[in-house]
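K.L.:
Structure in structure tokens, see below.
The values are calculated or read from the model by the stated rules, or taken from the named source; none is laboratory data. The structure presented is a predicted model; accordingly, all values stated were derived computationally and were not measured. Glycine gets a Cβ as well: all are built from the backbone with ideal geometry, and neighbour counts include every protein chain shown. Just so you know, the surface numbers come from the protein's heavy atoms only, side chains and all, with ligands and any DNA or RNA stripped out. Shrake-Rupley method; radii C 1.70, N 1.55, O 1.52, S 1.80 Å.
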Amino acid sequence: MRHIHVIGIGTGNPEHLTIQGIRALQATDAVFALDKGEAKAGLLTLRRQICDRYIEGRPYRFIEASDPERDRRPADYGVAVDDWHAARAALYEGLIVEHLREDERGAFLVWGDPSLYDSTLRILERVLARGRVGFTHDVVPGITSVQALAAAHRVPLHRIGEPVQITTGRRLRDGLGDVPGATVVMLDGDPRFEGLDPDLTIHWGAYLGTPDELLVAGRLGDVADDIRRVRAEARARHGWIMDIYLLLRPAA
């Protein structure tokens with residue numbers, strides 16, 4: 001039966017790939033990758049570089065397909081994401097049927113780790129539920145942007161005995177509320193920091209693990225404008241940006 005490796009590849013540094021991930025890649029016949037357009041061509045190039053670096057002495061196929069369009073400003077976010085996942089499931093199914101023989105292994109290379117704000121595992125489950133193609137699959141964990149952010153700033157994610165919340169920019173619109181401890185914010189396409197305590201400490205990073213890495217840290221009220229300026233300049237320069245930040249409440 002066909003087998004699929006879902007491999008976490010870290011945040012942009014090819015050396016983030018684990019030995020387990022390298023071994024899975026070296027057993028792969030076809031690597032599937034989504035083309036997200038010219039603005040994000042660098043993400044596709046990195047996947048190619050990882051394959052060329054670690055798949056040695058063995059032929060493999062690098063299969064590209066255009067990512068289905070997604071409504072970025074939907075009236076109903078949940079419905080829009082469900083529709084997008086359905087379109088991706090149909091695409092993945094077609095790729096597996098067309099490009100992977102029943103005795104072969106394929107791979108999807110996932111930015112960061114497959115367990116954290118990534119849809120690959122859910123979409124593969126949809127493909128299996130459709131019942132038109134069968135396969136087994138496994139997951140190889142990767143370094144997340146959360147880990148890379150803490151390492152780049154040389155800080156722990158939390159103070160002694162405190163919890164850590166990982167959330168999205170969309171859910172931060174109403175502030176932190178009464179959630180204790182530290183908060184890591186991902187997928188914030190337009191960080192405004194409105195409604196947040198200016199005395200929070202922020203550790204922000206973009207393009208983590210790459211030569212283009214950017215870092216800003218300090219009291220939120222002092223560095224918020226700097227982060228927005230640096231972020232806007234970087235996005236204009238590269239055509240895309242992946243960033244994340246850690247918020248810490250003032251120490252008791």
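K.L.:
Counting only protein chains, not ligands or nucleic acids, how are 69, 104 ordered by accessible area (probe 1.4 Å), most first? Could the numbers behind the result be given before it?
P.N.:
Numbers: 69 170, 104 10 Å².
So, going from the largest accessible area down, we get 69, 104.
K.L.:
Rounded to a whole number of µm²/s, how large is the Stokes-Einstein D of segment 114-252 at 20 °C and 1.002 mPa s, given Rh as the Kirkwood radius over C-alpha pairs? Could you put the intermediate results ahead of the total?
P.N.:
On the way: Rh = 16.6 Å.
Stokes-Einstein gives a translational diffusion coefficient of 129 µm²/s.
K.L.:
Can you send over the solvent-accessible area of residue 1, 1.4 Å probe, protein chains only, in Å² to the nearest 10?
P.N.:
150 Å²
K.L.:
If each DSSP helix of 4+ residues adds -39,500 (n - 2.57) and the sum is divided by the residues in the chain, what number results at 222 nm, nearest 500 deg cm²/dmol? Display every interim value, and only then the final one.
P.N.:
Details: 6 runs with 84 residues, N = 252.
The helix-only estimate for the chain comes to -10500 deg cm²/dmol at 222 nm.
K.L.:
For segment 42-176, just the Cα atoms, rotate onto the principal axes and tell me the three extents in Å, largest first.
P.N.:
Principal extents (Cα only, largest first): 51, 43, 28 Å.
K.L.:
Return the distance in nm (one decimal) between the two label points of a simple spin-label model at residue 174 and residue 64, each offset 7 Å from Cα along Cα→Cβ.
P.N.:
4.3 nm
K.L.:
Can I ask one more? Using only alpha carbon positions, build the gyration tensor of segment 34-119, then give the equivalent ellipsoid semi-axes as the square roots of 5 times its eigenvalues, largest first, whole angstrom.
P.N.:
For segment 34-119, the semi-axes come out at 26, 17, 12 Å.
K.L.:
Post the alpha-carbon centroid distance, segment 1-55 to segment 109-169, in whole angstrom.
P.N.:
Cα centres, segment 1-55 to segment 109-169: 15 Å.
K.L.:
Under 1.5 on a/c is rounded, so check that first for segment 169-251, then, if it is not, pick prolate when a/b is larger than b/c and oblate when it is not; a ≥ b ≥ c are the square roots of the alpha carbon gyration tensor eigenvalues.
P.N.:
Values: a/c = 1.86, a/b = 1.71, b/c = 1.09.
Cα axes put segment 169-251 in the prolate bin.
K.L.:
Another one. On the full set of protein chains, 1.4 Å probe, figure out the accessible area of residue 115 and give it in Å² to the nearest 10.
P.N.:
Accessible area of residue 115: about 100 Å².
K.L.:
Something else about it: Over segment 92-181, with the other protein chains present, what is the accessible area per residue in square angstrom, probe 1.4 angstrom? Present the calculation step by step, with values, prior to reporting the outcome.
P.N.:
Details: 5000 Å² over 90 residues.
Solvent-accessible surface per residue comes out at 56 Å².
K.L.:
Then there's this: Dividing the convex hull volume of the Cα atoms of segment 120-189 by its residue count, what figure in Å³ per residue is obtained?
P.N.:
On the way: hull volume 11.2 nm³, N = 70.
Each residue corresponds to 160 Å³ of Cα convex hull volume.
K.L.:
Got a number for carbon plus sulfur as a percent of segment 105-252's accessible area, 1.4 Å probe? Present the calculation step by step, with values, prior to reporting the outcome.
P.N.:
Numbers: 3780 of 7620 Å².
It is 50 percent, rounded to a whole number.
K.L.:
Let me ask something else. Given a 1.4 Å probe and every protein chain left where it sits, what share in percent of the accessible area of segment 31-99 is carbon and sulfur? Can you show the working numbers first?
P.N.:
Values: 1880 of 4020 Å².
Of all accessible area on segment 31-99, carbon and sulfur atoms account for 47 percent.
K.L.:
Pick from 43, 25, 128 the residue whose mean-square fluctuation is largest in a GNM of the chain, springs joining Cα atoms under 10 Å.
P.N.:
So, out of 43, 25, 128, the one fluctuating most is 128.
K.L.:
Here are several values of mean projected area of the Cα convex hull in nm²: (1) 15.4; (2) 14.6; (3) 12.3. Which one was derived from the coordinates shown?
P.N.:
Read-out taken from this structure: (2).
K.L.:
Another one. Quick one: which residues, 5+ away or cross-chain, put their amide H under 5 Å from the amide H of residue 116? H built at 1.01 Å from N.
P.N.:
Answer set, sorted by chain and number: none.
K.L.:
Let me know the Rg and Dmax you get for segment 1-78 when you use only its Cα atoms, in Å.
P.N.:
14.7, 50
K.L.:
Counting pairs of alpha carbon atoms under 8 Å apart in space and at least six apart in sequence, what relative contact order in percent does segment 31-152 give?
P.N.:
Working: 92 pairs, mean separation 31.6, N = 122.
So the answer I get is 26 percent.
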